[in-house]
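The values are calculated or read from the model by the stated rules, or taken from the named source; none is laboratory data. These figures come from a predicted structure and were not determined experimentally. Note that we place each Cβ from the backbone using ideal geometry, even for glycine, and neighbour counts take in every protein chain shown. In case anyone asks, the SASA skips ligands and DNA or RNA and just uses the protein heavy atoms, side chains included. Shrake-Rupley method; radii C 1.70, N 1.55, O 1.52, S 1.80 Å.
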Amino acid sequence: MGSVSSTFPNWLPQDFLDEFWQRRPLLIRQALPGYCPPLDGDELAGLACEENVESRIVLEKNGQHPWQVLHGPFQEQDFTRLPATHWTLLVQDVDKHDADVAALLKYFRFIPDWRIDDIMISYAAPGGSVGPHTDQYDVFLLQASGRRRWMIDSSCRSQRLMDGLDLRILAEFDPDREWLLEPGDLLYLPPGVPHHGIAEDPCMTISIGFRAPTDNELLSAVIGRHLEQHEERFHTDPGLPCQQRASEIHPHALSALRSLVTEAMQIDDTTMNRYLCEWLSETKPGIVITEPEEPLDYEPFIRRLQHEGLVRALGIRVLCARQNDTWHLYIDGETFPDVDASIIDRIDKGLLLDAAHCPPDAGELLYRLYRRGYYVFSTT
Ligand code: SIN
Ligand code: CO
């Protein structure tokens, strides 16, 4: 992934963050003037035929029932059987499979990487849409090719869903804003804004979707990790009083059990930070990280590093955090502690990791990144 940041012309990220992010929708006409998508509808369909790629086709009409959803992986014939209008192909996590698509993320790095979920790409026949709906996450909708008419209900009036459908479609949708998006136009929507985009022509839309962990997710991530590390203690009750009813869980017992739980849940800030960072860096389920089949031994690896650099493998999340002026790197749920700030900088910018630009003692870290399949030689 080329992670170096870029901004949209005539546009200040801080203004956007102050006024719009998580607050209200914004249409940016020609955010990317003359935008040309890195793949076409056929190539997207090709991706949707691959085993480890999540995709679906929404058939508003001419399916077995209205708004039928078919799930991939598809076969080539599935596409030849589609009606002329009113269908959409949606492919999830395209940034994890296509480096050119991943490169689009450089425009969105005014939002921290850990908030990014995926790039989803849809290709729709004329009239195609996924119906009026709301999403629980922030999204930038980049019109990539063709034209799509977007309608939104900025007052977020009704969220009631239609019954008995494969899709979560709003029962009532009363839009108060409408725009026709052309290639290069970008629509930002915060969570919870009802929206409906209908393809005017065959059209491609690229959704840059964000993630916002819920408290339940965080709790289960933290507790899950804590359980692995925590030293288990048994309840003890010396001096147990003789009770009148053996079936009673006595208040004393409950108090002792509560203490056992609350004491077990003591997690210091440093440890909790690590649990959170590790969890946030986990690779999305279904995305496969491939370790090198015949890895180089350490010495030949270091020699190769003299004339060739390492680049980030597609699909992984690479995050870092600082604790008392020490940088830690987190990839796929793993901590790489005490990393030199100059390496963190190069990693953040998506620059080549090679002998010329990394401190001499970085060899071991780079070798671990290579062995895990997180970083690969640039010509691999
Ligand atoms: C689409 O690309 O058709 C739908 C995207 C969305 O509404 O989130
Ligand atoms: Co949506």
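Just a few scattered comments:
- The label-point distance for Thr214 and Phe377, in a model that sets each label 7 Å from Cα toward Cβ, rounds to 4.6 nm.
- Which of Thr88, Thr7 is most accessible, then next, and so on - probe 1.4 Å: Thr7, Thr88
- The charge dipole of the chain, taken about its Cα centre with unit charges on the Cβ atoms of Lys, Arg (+1), Asp and Glu (-1) only, comes to about 740 debye.
- A 1.4 Å probe, protein heavy atoms only, puts the accessible area of Thr290 near 100 Å².
- Accessible surface ranking that places the most exposed of Glu182, Glu76, Glu293 first, with a 1.4 angstrom probe: Glu293, Glu76, Glu182
- What separates the Cα centres of segment 206-231 and segment 160-185 is a distance of 30 Å.
- Fully extended contour minus Cα-Cα distance, from Cys49 to Gln75, at 0.36 nm per residue: 8.8 nm
- Sites Ser158 and Met272 - FRET efficiency at Förster radius 41 Å, r taken between beta-carbons, to 0.05: 0.55
- Using a Förster distance of 30 Å, the FRET efficiency for Leu27-Thr85 (Cβ separation, nearest 0.05): 0.70
- Taking segment 283-380 and dividing mean pair separation by its residue count, relative contact order in percent (alpha carbons under 8 Å, at least six apart): 39
- Calculated FRET value between Ile302 and Ala246, using beta carbons and R₀ = 51 Å, to 0.05: 0.15
- Rounded, prolate or oblate (a/c below 1.5 giving rounded, otherwise prolate when a/b exceeds b/c) for the chain by Cα gyration tensor: oblate
- Annotation: segment 20-147 has a Kirkwood hydrodynamic radius of 16.0 angstrom, from the mean reciprocal C-alpha pair distance.
- Pairs of lysine residues in the chain that meet both criteria, 8 or more places apart or on different chains and Cα atoms under 22 Å apart, total 6.
- Residue separation of Lys349 and Lys284 scaled by 0.36 nm, minus their Cα-Cα distance, works out to 21.2 nm of gained length.
- The residues of the chain have, on average, 54 Å² of accessible surface per residue, using a 1.4 Å probe with all protein chains present.
- Element breakdown for the chain at a 1.4 angstrom probe: carbon and sulfur atoms account for 50% of the accessible area.
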